[in-house]
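Structure record follows, encoded as C-alpha cells.
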Amino acid sequence: MSRFVISLCALGAALAVGAASRAEDAKPGADIALKDKLEICSGCHGPAGVSQIDGVPNLAGAPDLFTEWQLVYFRGETRMNEQMTPQAKDLTDSDIRDMGAYFLSLPAPAPTGPDSDPALTQAGAKLANERHCAQCHTETFAGQGEVPRLAGQREEFIVKALHDYQHGARRGRGNVIMPEIAYSLNEDDIKAVAHFMSRQPGK
Ligand code: HEC
Ligand code: HEC
C-alpha cells in the first residue's frame, strides 16, 4: 500500500511541475474547453469511453489515477504511441484531473456476446490465479488507484499491452512490476489471460 501512497504524492508533484511551467505560456482564450477536448478523445475511444476500434483501449470505468498517470506519461513522452502521444501534448494539469474523474464516472464496458472459447477462459482464470494478478488489479479486476481495470478491456489491447511490456516499449512508472510479470508469460498464457480478462464483468 505504501507504494500507492508514495506515488500519489509523486503524481501531485508531477502535475504541479507541469502547472508552473504551463502557467507562463498560457494565453487567454487559447485553451479550448474540456468538453471539446473530450469530444476529440471520443473520436477514437468512443463517445461513452467504450472503443469500437482495434488497438484503442476502453477508458470507461478506469481508475482515475491510472488515467491521470498515463496521460502524464504520454504528455511527457515516456509512453510513446503514434496515435495517442500527440493527443496528450497540450493537456493542462486540470484537464488531466478532470479526465481521470470523467472516465471513472462512465459505466464500465460490459463483456459482450457469448464466450467463443470457454476452455481458453478457464485457462486464463487459472493463470490469473496462479500469478496473483488480483493482488494489484483487485479481485474483480476492476483496478484501483494507478492499477488499470482489466475486466472488460478489449482482448487484442490486453495482448498488445503485455507484448509492449515484454519488449520494453512500455515501462509504466519506470519500475519493473509489469515488465517482469510479462516476461514470465508465454504466447499461450497471454492469449488465455487476455481472453479471460476481456470477459470479466468487473464487479
Ligand atoms: C487518434 C486516436 C486517439 C485519440 C484521438 C485519443 N486516443 Fe487515447 N489512445 C489511443 C490509442 C491507440 C491508445 C493505445 C496506446 C498504446 O497502445 O500504448 C490510447 C491510449 C490511451 C490511454 C491509456 C489507456 C490504457 O488502458 O492503457 C488513455 C488514458 C487515453 N488514451 C486517453 C485519451 C484521452 C483523454 C484522449 C483525448 C484527450 C485520447 N486518449 C485521445 C488513441 C487515441
Ligand atoms: C504487483 C502489482 C501487479 C500485479 C501482480 C499485476 N499487475 Fe498488471 N499492472 C500493474 C500496474 C501498476 C500497471 C500499470 C503500469 C503502467 O503504468 O504501465 C499494470 C498494468 C497492466 C496492464 C496494462 C493495461 C492497460 O489498460 O494499459 C495489463 C494488461 C496488465 N497489467 C495485466 C496483468 C496481468 C495479466 C497480471 C497477472 C499475470 C498482472 N497484470 C499482475 C500492477 C500489477
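Being within 18 Å of G100 (Cβ to Cβ), in contact (Cβ under 8 Å) with a residue 40 or more places away in the chain and more than 8 Å from ligand 2 (Cβ to nearest atom) is not true of G124. Annotation: L185 fulfils all but one of (1) open to solvent by 40 Å² or more (accessible area, probe 1.4 Å); (2) assigned to a loop (DSSP other than H, G, I, E, B); the unmet one is (1). If you go through the stretch 137-156 and keep only what is open to solvent by 30 Å² or more (accessible area, probe 1.4 Å) and not in a loop (DSSP other than H, G, I, E, B), you end up with Q144, E155, E156.
Among the residues of the stretch 30-52, the one identified as among the β-branched types (V, I, T), touching a residue at least 40 places away in the same chain (Cβ under 8 Å) and more than 16 Å from ligand 2 (Cβ to nearest atom) is I40. How many of the residues in the stretch 42-63 are in a helix (DSSP H, G or I), surrounded by fewer than 18 Cβ atoms within 10 Å (Cβ to Cβ) and touching a helix residue (DSSP H, G or I) at 6+ places or on another chain (Cβ under 9 Å)? Total satisfying the criteria: 1.
Among residues belonging to the stretch 89-119 that are within 23 Å of R171 (Cβ to Cβ) and either open to solvent by 40 Å² or more (accessible area, probe 1.4 Å) or within 14 Å of the chain's Cα centre (by Cα) (or both), point out the one that is nearest to ligand 2 (Cβ to nearest atom). The qualifying residue nearest to ligand 2 (Cβ to nearest atom) is F103.
Can you report the number of residues in the stretch 120-132 which are aliphatic (A, V, I, L, M) and either open to solvent by 70 Å² or more (accessible area, probe 1.4 Å) or not in a helix (DSSP H, G or I) (or both)? Qualifying residue count, the stretch 120-132: 0. Screening G168 against (1) surrounded by fewer than 15 Cβ atoms within 10 Å (Cβ to Cβ); (2) in a helix (DSSP H, G or I); (3) within 16 Å of ligand 1 (Cβ to nearest atom) leaves a single unmet condition, (2). The C-beta contact set for the stretch 144-155 (first residue farther than 15 Å from P201 by Cα, second residue small (G, A, S), distance under 6 angstrom, 6+ apart or interchain) comprises E146/S7.
Test D90 against the criterion of being more than 8 Å from ligand 1 (Cβ to nearest atom), under 18 Å from L34 (Cβ atoms) and in a loop (DSSP other than H, G, I, E, B), and give yes or no. So D90 passes the test.
The values are calculated or read from the model by the stated rules, or taken from the named source; none is laboratory data. Owing to the predicted nature of the structure, the values given are computational and were not obtained by experimental measurement. Quick reminder, even Gly has a Cβ in these numbers, built from the backbone with ideal geometry, and neighbours come from all protein chains shown. Surface areas here come from the heavy atoms of the whole protein model, side chains and all, with no ligands, DNA or RNA. Shrake-Rupley method; radii C 1.70, N 1.55, O 1.52, S 1.80 Å.
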